[in-house]
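So the structure is just underneath, and the comments pick up after that.
The values are calculated or read from the model by the stated rules, or taken from the named source; none is laboratory data. These numbers were taken from a predicted model, which means no experiment stands behind them. All Cβ positions, glycine included, derive from the backbone under ideal geometry; neighbour counts span all protein chains shown.
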Amino acid sequence: MGFLGPLRKRAMDAFLKQGLPGRKSEEYKYSNPEKLFRGASIKPESLGLESVNFNVSGLEKKPSVLDLKKLDKALQAFEIKGVSENRVVLVNGVYIQELSALPDMPEGVLICSLAGALTDYRSLLEKHFSKYADVEADPFIALNTAYAGDGLFMRVAEGVTVGKTIHILNVITDEASALLNKRNLILLERSAEVDVVESTVVVSEEVNVGRNVVNELSELILDEQSRLRFYRMQQDCEGLNLISTVQVLQKASSHFDTHTITLSGDWMRNNLNIVVDAERCETHLNGLYITRGIQHVDNHTLVDQRKPNCESNQLYKGILADKSTGVFNGKIFVRRDAQKINAYQSSKTILLSDDATVNTKPQLEIYANDVKCSHGSSTGHLDEEAMFYLRSRGLSEESAKRMLLYAFASDVVDTIRIEPLRAYANDLISKQLDFDIKK
Amino acid sequence: MLSIKNLKAGIDGKEILKGINLEIGAGEVHAIMGPNGSGKSTLSSVLAGRTDYEVTGGEVLFNGKNLLELNPEERAREGLFLAFQYPVEIPGVSTINFLKTAIAEIREYKGLPALEAKDFLKMVKEKQALVELKGSLASRAVNEGFSGGEKKRNEIFQMAMLEPTLAILDETDSGLDIDALRVVANGVNKLRSSTRSFVVITHYQRLLDYIVPDFVHVLFEGRIVKSGDKELAMELEKKGYGELTR
Ligand SMILES: Nc1ncnc2c1ncn2[C@@H]1O[C@H](COP(=O)(O)OP(=O)(O)O)[C@@H](O)[C@H]1O
């Protein structure tokens, strides 16, 4: 398999060298993944390297025809009108042609399974695959690179604007292996434009609490003047332990707009690493997480400003109920040559219970002198004054709470540029808030 | 309408109201005046149901109901309204938006049919005109970036929308210039009726030139030390609180 063999070997070595991050790891201090693997039958060291390949006959099996029928039905629940008309379905990382439909793709758009791309678009893969996510930087990147079986490959050719949103349905089922590595590669050539929504959902007969660990990695490459909107919707994934890494490279005058909305999942770690490697780029990173029970959600972001005249804007918000825990770690690097950078970051959290906790850590490292950077973070309970004000006007405590929380979340949701997705997200969020408030 | 008997309340173990007695009849306007720190805001907060304060004695009957047993929203639904001295800013929530919900819930509480959207909007227009509130303000986040005068007008606008039977205006005049004061007072005067009572809390007599009270009470160190008619306010203006509270 040419370049893959040595790459996988190197990745495995890198993983073994780093090991699973434990409590001593600075990057995983508040999200110790050791416990996910403890007692489980997952011993990464024991997984045979040679058995893995970029092939559907690798670790994950394609569902049977019967299962496909069932899945098709189950997936209707996650359809978003105005978004899902063009959809790609991945089941346990395996691209399922039969459930996918792309009626509105203009010429120049390539969408296929990553495994398939290896034979059909080999030179593209050789050029880009694993060139951005550094196996030495994070053990989960290494693990993914060593084992990933399949995923999605997308390329939008130079100058092509994809008018319709593409919906990636990222489905995890009971059949997923205990440690599932899946991988996407999305390539925007010069001046290409596309909107992508990725929904992660669990379709399961039973609730496999704490069984699966999904380690997914997406490499997104934005060539000059391209524009990508990339929305991660993590909904309906009860029982899931997820490490989701998005590695982005931005070239000159590119525009990247991303949202990470986490409404479900047991243990969720979102890594978002953006390298802005050229001038006049624009980067927007927004996140919203609403947690309950003993859920854990960790958002780690990194914006690496390497060149001058760029702008980044970040807004993350969390609403934590019950005994749930949250982490926000937002790093912004401004390298020495990166003058005239505007970088803003804001992180706000509302704790709905005394047992919920959040760890927030903004990290600004600025080595250039002519920059405008700011960050702010706040954590607190619902504003008592505002609650009293609304109740004194006749609103029930429940309605007042709902209104304040909804308004809080709206700051993030309102920045979703795809109208039907915004409406859909609003709907999901109000349902979830209703649930938390009525308790 | 409202009957306060020997009301005692405090905060953190410190007694602030030391036995207030006050009877307010339907359609009456009562002014409560007093120097800073006498307990005026505490009284309005206790009546509206702010939980920071602890009631240690006495009773308050509102249209025959034990007011102190009700939570803030129930008091509002029973017809009580408090215009805040310092209206809060609420990002992301517009006045129109929460009023719609508030009115729906109040009507449900009273067993009235829901208000139709067009009737609600008509009402909004009418009441905005009453307090000369720009339409755009009511659609914006509550009080966010409003001037002092706009905030107070927004309070009176909400009062007009909610049609209370008893409205407490807590230092509504503070921070207003004379023009804004006139607009606010005008709005209040238009809402006066034989079934609606007002408690106007103020430090200065100035507001009472515009909202002419039926009764004036002087609050001092947690007690009403003197009551009279509007002449009492004039007297206070001339002589100051010193003599009366001695
Ligand atoms: N939240 C509070 N905590 C402690 N003391 C308070 C609080 N609110 C009011 N007080 C005290 O109660 C007294 C009366 O205050 P207040 O009701 O604000 O009077 P007024 O409105 O007449 O100026 C003052 O001595 C004030 O310091």
Notebook entry, point to check: Within the bounds of region B:196-207, is there any residue that is modelled with pLDDT of 95 or more, within 14 Å of another protein chain (Cβ to nearest Cβ) and within 16 Å of the ligand (Cβ to nearest atom)?
Noted result: no
Note to self: Need the failing condition index for B:Tyr109 against (1) under 22 Å from the mean Cα position of the chain (by Cα); (2) within 10 Å of another protein chain (Cβ to nearest Cβ); (3) touching a residue at least 12 places away in the same chain (Cβ under 8 Å); (4) surrounded by 16 or more Cβ atoms within 10 Å (Cβ to Cβ), just the number.
What the structure shows: (4)
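On the basis of being of a type in the set (Lys, Arg) and touching a residue at least 24 places away in the same chain (Cβ under 8 Å), does A:Lys164 make the cut?
Working: of a type in the set (Lys, Arg): yes; touching a residue at least 24 places away in the same chain (Cβ under 8 Å): yes.
For A:Lys164, the condition - of a type in the set (Lys, Arg) and touching a residue at least 24 places away in the same chain (Cβ under 8 Å) - is met.
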Check: Mind checking which residues of region B:16-37 are away from the ligand (no atom under 15 Å from the Cβ), assigned to a strand (DSSP E or B) and of a type outside the set (A, V, I, L, M)?
Finding: B:Asn21, B:Glu23, B:His30
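Taking B:Val131, is it surrounded by 20 or more Cβ atoms within 10 Å (Cβ to Cβ) and over 19 Å from B:Leu191 (Cβ atoms)?
Working: surrounded by 20 or more Cβ atoms within 10 Å (Cβ to Cβ): yes; over 19 Å from B:Leu191 (Cβ atoms): no.
It is false that B:Val131 is surrounded by 20 or more Cβ atoms within 10 Å (Cβ to Cβ) and over 19 Å from B:Leu191 (Cβ atoms).
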Note to self: Exactly one of these conditions fails for A:Glu385: (1) within 14 Å of another protein chain (Cβ to nearest Cβ); (2) touching a strand residue (DSSP E or B) at 6+ places or on another chain (Cβ under 6 Å); (3) acidic (Asp, Glu). Give me its number.
What the structure shows: (2)
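Considering each of B:Lys152, B:Lys100, B:Lys127 in turn, give the residue that is assigned to a helix (DSSP H, G or I) and under 19 Å from A:Glu385 (Cα atoms). Give the derivation first.
Numbers: B:Lys100 fails: under 19 Å from A:Glu385 (Cα atoms); B:Lys127 fails: under 19 Å from A:Glu385 (Cα atoms).
Exactly one residue qualifies, and that residue is B:Lys152.
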Notebook entry, point to check: Can you name every residue in region B:61-75 that is in contact with a helix residue (DSSP H, G or I) (Cβ under 7 Å, 6 or more places away or on another chain) and surrounded by 21 or more Cβ atoms within 10 Å (Cβ to Cβ)?
Noted result: B:Leu67, B:Pro72, B:Glu73, B:Arg75
